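J.: Sending over a structure as structure tokens; questions will come in a sec.
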Ligand SMILES: [Ca+2]
Ligand SMILES: [Ca+2]
Ligand SMILES: [Ca+2]
């Protein structure tokens with residue numbers, strides 16, 4: 001099914017640039033596929049409409065009980081596709097912690113539910129933050145480096161060396 005398949009690709013791509021998949025051509029292919037999935041108009045960049053439309057698909061696929069809110073359980077039990085990568089790297093716990101951080105970040109009023117409005121606002125804020133050169137579109141690089149879910153998952157699975 002499209003809505004559950006694409007997010008798995010999206011998250012699988014997160015590790016591709018610097019993570020456990022970095023050495024494999026499979027990882028690079030996944031990264032390209034994920035970006036193209038969001039890049040609906042196939043222009044080589046993502047605009048805000050594509051980004052929020054994609055986010056809305058993801059929201060629906062996560063909202064298991066269809067109450068228009070995401071609980072932490074729904075958020076954590078959703079198959080991000082990176083679970084196995086984290087497991088292999090011995091980072092399953094850090095990965096789950098990263099997902100909890102993203103959940104808390106998006107749950108703006110702290111009531112342990114992410115509403116559609118909170119989700120949409122968070123994605124818009126993420127889009128603005130990821131758009132490093134402020135040209136209102138995200139390149140593949142901006143998307144992978146700047147989107148909060150990507151950043152959190154990458155940090156969990158492939159943490160930067162301690163200083
Ligand atoms: Ca729900
Ligand atoms: Ca909330
Ligand atoms: Ca940009």
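J.: From 151, 85, 137, 101, grab the single residue that is more than 16 Å from ligand 1 (Cβ to nearest atom) and touching a strand residue (DSSP E or B) at 6+ places or on another chain (Cβ under 7 Å). Talk me through it step by step, then tell me what you get.
T.: Details: 151 fails: touching a strand residue (DSSP E or B) at 6+ places or on another chain (Cβ under 7 Å); 85 fails: touching a strand residue (DSSP E or B) at 6+ places or on another chain (Cβ under 7 Å); 101 fails: touching a strand residue (DSSP E or B) at 6+ places or on another chain (Cβ under 7 Å).
When all the criteria are applied, what remains is 137.
J.: Next question. Any chance the range 51-74 includes a residue that's within 16 Å of ligand 2 (Cβ to nearest atom), part of a helix (DSSP H, G or I) and over 16 Å from the mean Cα position of the chain (by Cα)?
T.: yes
J.: Would you please list the contacts, defined by Cβ atoms under 9 Å and residues six or more apart or on different chains, that run from a residue in the range 132-156 that is in contact (Cβ under 8 Å) with a residue 12 or more places away in the chain to a residue that is part of a helix (DSSP H, G or I) and near ligand 3 (Cβ under 6 Å from one of its atoms)?
T.: 132/142
J.: Tell me, yes or no, whether the range 128-135 has at least one residue that is within 16 Å of ligand 2 (Cβ to nearest atom), under 15 Å from the mean Cα position of the chain (by Cα) and either under 21 Å from residue 34 (Cβ atoms) or loosely packed, with under 13 Cβ neighbours inside 10 Å (or both). So that I can check it myself, show each step before the final result.
T.: Of all residues in the range 128-135, those within 16 Å of ligand 2 (Cβ to nearest atom) come to none.
Within the range 128-135, none of the residues are within 16 Å of ligand 2 (Cβ to nearest atom), under 15 Å from the mean Cα position of the chain (by Cα) and either under 21 Å from residue 34 (Cβ atoms) or loosely packed, with under 13 Cβ neighbours inside 10 Å (or both).
J.: Quick check on the range 104-131: of everything there that is in a helix (DSSP H, G or I) and without any contact (Cβ under 8 Å) to a residue 12 or more places away in the chain, which residue is nearest to ligand 1 (Cβ to nearest atom)?
T.: Within the range 104-131, the subset in a helix (DSSP H, G or I) is 104-106, 116-130.
Restricting the remaining residues to those that are without any contact (Cβ under 8 Å) to a residue 12 or more places away in the chain gives 104, 117, 125, 128.
Details: 104: 17, 117: 14, 125: 22, 128: 26 Å.
The extreme case among them is 117.
J.: Are any of the residues in the range 79-101 modelled with pLDDT of 95 or more, within 16 Å of ligand 2 (Cβ to nearest atom), out of contact with any helix residue (DSSP H, G or I) (no Cβ under 6 Å at 6 or more places or on another chain) and in a helix (DSSP H, G or I)? Break it down stepwise before answering.
T.: Of the residues in the range 79-101, the ones modelled with pLDDT of 95 or more are none.
Scanning the range 79-101 turns up no residue that is modelled with pLDDT of 95 or more, within 16 Å of ligand 2 (Cβ to nearest atom), out of contact with any helix residue (DSSP H, G or I) (no Cβ under 6 Å at 6 or more places or on another chain) and in a helix (DSSP H, G or I).
J.: Still on this structure, I have one more. Is it the case that residue 59 is closer than 20 Å to residue 37 by Cβ, buried (at least 18 other Cβ atoms within 10 Å of the Cβ) and within 16 Å of ligand 1 (Cβ to nearest atom)?
T.: Numbers: closer than 20 Å to residue 37 by Cβ: yes; buried (at least 18 other Cβ atoms within 10 Å of the Cβ): yes; within 16 Å of ligand 1 (Cβ to nearest atom): yes.
It is true that residue 59 is closer than 20 Å to residue 37 by Cβ, buried (at least 18 other Cβ atoms within 10 Å of the Cβ) and within 16 Å of ligand 1 (Cβ to nearest atom).
J.: Any idea how many residues of the range 39-50 are on the phi > 0 side of the Ramachandran plot and part of a helix (DSSP H, G or I)? Before the answer, list the steps.
T.: Within the range 39-50, the first condition is being on the phi > 0 side of the Ramachandran plot, and the residues that meet it are 42, 44.
Adding the requirement that they be part of a helix (DSSP H, G or I) leaves none.
Within the range 39-50, residues that are on the phi > 0 side of the Ramachandran plot and part of a helix (DSSP H, G or I) number 0.
The values are calculated or read from the model by the stated rules, or taken from the named source; none is laboratory data. This is a predicted model, so every value here is computed, not measured. Please note: Cβ atoms are built from the backbone with ideal geometry, for glycine as well, and neighbour counts cover all protein chains shown.
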